[in-house]
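Working notes for the structure below.
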Amino acid sequence: MDLEIYDETNGQVSEDQKKLIKNVLDFAAKKIGLKANTEMSVTMVKNDRIQEINRDYRKVDRATDVISFAIEDENDDEFPVMMSDEMKAEIPENIGDIFVSIDKVNEQADFLGHSVDRVLGFLIVHGFLHLNGYDHMKPEDEKVMFDLQRKILNEYGLKK
C-alpha cells in the first residue's frame, strides 16, 4: 500500500509510532484483501486542528479522536472512463484520508489504562475500516466492523 503519513503535531509523533501506523495498515490491508497499489494518507494532528476539521465538516464543534474522509466513487456528473480489467488493476486507487488527534490518543490511553500503541492502532484501524466501507450506524453493521477491528488488532499483536 502506498501510504503518506503527515505529522502536524510539532514532533509529538515518534518514528516508532509512524512505523506502527504503516505496519498495522499494511496488515489490515492484507486482512481485507486490498490491492497492493492502494493509496491513502494519515495525518496526525493536535486537538485544536481536529476540532476545526470536525466543526467544518461534521458541524460538531469539539475535538474528536479520528476522522476519515473516504474518496467517493465517480458520481453522475462525471464522464465514466472505459478501460479493461487489466488497466483498472494497474491504476492505484486512492481510498482517502484519516486524521488522528495525538492528544486524544494520549488521553484515551491514560483513561483506559491501555498502551498508547494500542489506542493509536485502534484508531488507525477504525478509520481505515471506514475508508473501506465499514460503518457502525446499525447494530448489525457495528458488530461486523468491531469484530473485524478486534480481530485485526489481536492478530497484529495489539491486545488490550
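Each residue in the stretch 15-38 was checked for being over 15 Å from Val125 (Cα atoms) and either in contact with a helix residue (DSSP H, G or I) (Cβ under 6 Å, 6 or more places away or on another chain) or open to solvent by 50 Å² or more (accessible area, probe 1.4 Å) (or both), and 4 pass. Residues in the stretch 130-160 that are among the aliphatic types (A, V, I, L, M) and within 12 Å of Val24 (Cα to Cα): Ile152, Leu153, Leu158.
Scanning the stretch 41-62 for residues that are polar (S, T, N, Q), assigned to a strand (DSSP E or B) and within 15 Å of Ile102 (Cα to Cα) yields a total of 1. Quick check on the stretch 50-62. Is at least one of its residues in contact with a helix residue (DSSP H, G or I) (Cβ under 6 Å, 6 or more places away or on another chain), closer than 28 Å to Asn154 by Cα and either open to solvent by 90 Å² or more (accessible area, probe 1.4 Å) or modelled with pLDDT of 95 or more (or both)? Looking through the stretch 50-62, none of the residues is in contact with a helix residue (DSSP H, G or I) (Cβ under 6 Å, 6 or more places away or on another chain), closer than 28 Å to Asn154 by Cα and either open to solvent by 90 Å² or more (accessible area, probe 1.4 Å) or modelled with pLDDT of 95 or more (or both). Which residues, taken from the stretch 127-150, are in a helix (DSSP H, G or I) and within 18 Å of Ile71 (Cβ to Cβ)? Answer for the stretch 127-150, where residues must be in a helix (DSSP H, G or I) and within 18 Å of Ile71 (Cβ to Cβ): Gly127, Phe128, Leu129, His130, Leu131.
Conditions tested, residue by residue: (1) modelled with pLDDT of 75 or more; (2) in a strand (DSSP E or B).
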site: Met82; (1), (2): no, no
site: Met87; (1), (2): no, no
site: Ile95; (1), (2): yes, yes
site: Ala109; (1), (2): yes, no
site: Leu120; (1), (2): yes, no
site: Val125; (1), (2): yes, no
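Tyr6 meets each of the listed conditions (1) within 15 Å of the chain's Cα centre (by Cα); (2) open to solvent by 70 Å² or more (accessible area, probe 1.4 Å); (3) at pLDDT below 95 apart from (3).
The values are calculated or read from the model by the stated rules, or taken from the named source; none is laboratory data. Fair warning: this is a prediction, and the values are worked out from it, not measured in the lab. Glycine gets a Cβ as well: all are built from the backbone with ideal geometry, and neighbour counts include every protein chain shown. To get the accessible areas, we keep the full protein, side chains included, count just its heavy atoms, and leave off ligands, DNA and RNA. Shrake-Rupley method; radii C 1.70, N 1.55, O 1.52, S 1.80 Å.
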